[in-house]
Each structure stands twice: as C-alpha cells, then as structure tokens.
Amino acid sequence: ERSLRRLRTDYVGTFYLHEPSAAELATPMVRSAVARIISSGKARTVGISCLNLEAAREALAIPGITTIQVPHRIARPTILPFITKVAMTNGIKLVAAAPFGDGRALRIAASAGMSRQSAVASCLHFSRASLGVSSVLVGMSRVGHVRQNTVAWRSQDSTENLDALLRA
C-alpha cells in the first residue's frame, strides 16, 4: 500500500518478485500473497524473476503467475528448454533475461573475430527466436549501449553470425 501511495496510483501493471529461491516460492505464504495481490486488483499481472531451474519450476506451480523471467543466453541456454512446454500450456509468458550473460558471449564472439554488432544481434535474435519467449530483457549500463543494441536488433544478418557464435 505504501508503495502504491508513493507512486500515486491504485495499482501497478506488473508486480514482480525478484529472484526468490525455490524454497521461498514453495511456501504457502508466497502463494497466498500472490492470490491476494491478484484478487485485490493492486496488480494486473504477477511475474517472477528466477535465477535457476528449481525456482522456475516452483514459479510455474503458483496459480495466477503470468510471467516468468529466466536467464537465457546463447552461450548457456540452461533453463528455458525445461519450462517452455508447461509455461506455454498455462499461458505464462517467458522473458529471456541477460542474453549476453556477463559479457561472456560477446568476449567469445570477439575472440572468434566477430564484430560487436554481429555478436549483439546474434545474442538478441537467438533469445527472441527461442520457443515460448515473448520478450528479451537486456541490461545496459550506458546510453551508448542502448544505441548499439537498437542498431544490432534491427540488423537482419544475424543467422549466419549466430551459427558462427554457436560454433565458437
């Protein structure tokens, strides 16, 4: 309630739980809180950002969850393949986060002689083209990165570069 007052609104579009553990998600308290948030109308949708497969599986089991965010990177796509079918069956949107990882994919691409723009385009297009993904969340620390990533996203030549990056 205090947060809504500070925001001068009666509700938020999405209430997001940020990186809870699987054990936290399994508690009746979390399930009850999600149900209250939805029934009260204080949030139109509820999403959970998950760092690992166990948390993502617990999130899938919570009634009312509309969005699950997981790390999904070209260099290590470890969670998404295991939750996509259940998420899609239940109408849960998947957000692929951190497509560059901690920059590892870009470093691998650079060492293979790929331009930064091609590597960024490959990572972004890989994440967005993954089955079940509705959005890609890209963290950026500089305005210049926003510009570079926008240009790369609009690039259409990423398929050939994607194959090269996957082989690197």
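The values are calculated or read from the model by the stated rules, or taken from the named source; none is laboratory data. In this text the structure is predicted, and so the values were computed from the model without any measurement. Ideal geometry is used to build each Cβ from the backbone, glycine not excepted, and the neighbour counts take in all protein chains shown. Just so you know, the surface numbers come from the protein's heavy atoms only, side chains and all, with ligands and any DNA or RNA stripped out. Shrake-Rupley method; radii C 1.70, N 1.55, O 1.52, S 1.80 Å.
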Please calculate the 1.4 Å probe accessible area of Y16, with all protein chains present, and give it to the nearest 10 Å². 80
Starting from the Kirkwood Rh over alpha-carbon pairs, what translational D in µm² s⁻¹ does the range 1-140 have by Stokes-Einstein at 4 °C and 1.567 mPa s? 80
Heavy atoms only, probe 1.4 angstrom, no DNA, RNA or ligands counted: give me H125, H18 ranked by accessible area, highest first. H18, H125
For the chain, size of Cβ-based charge dipole, Lys and Arg +1, Asp and Glu -1, in debye: 460
Dipole axis of the chain (+1 Lys, Arg; -1 Asp, Glu on Cβ), positive-most option in L53, F82, T27: T27
Which whole-number percentage describes the relative contact order of the chain, with Cα contacts under 8 Å and a sequence gap of 6 or more? 17
Share of accessible surface on carbon and sulfur in the chain, whole %, 1.4 Å probe and ligands ignored, is 55
The range 1-155: antiparallel DSSP beta bridges as a percent of all, rounded to 5: 5
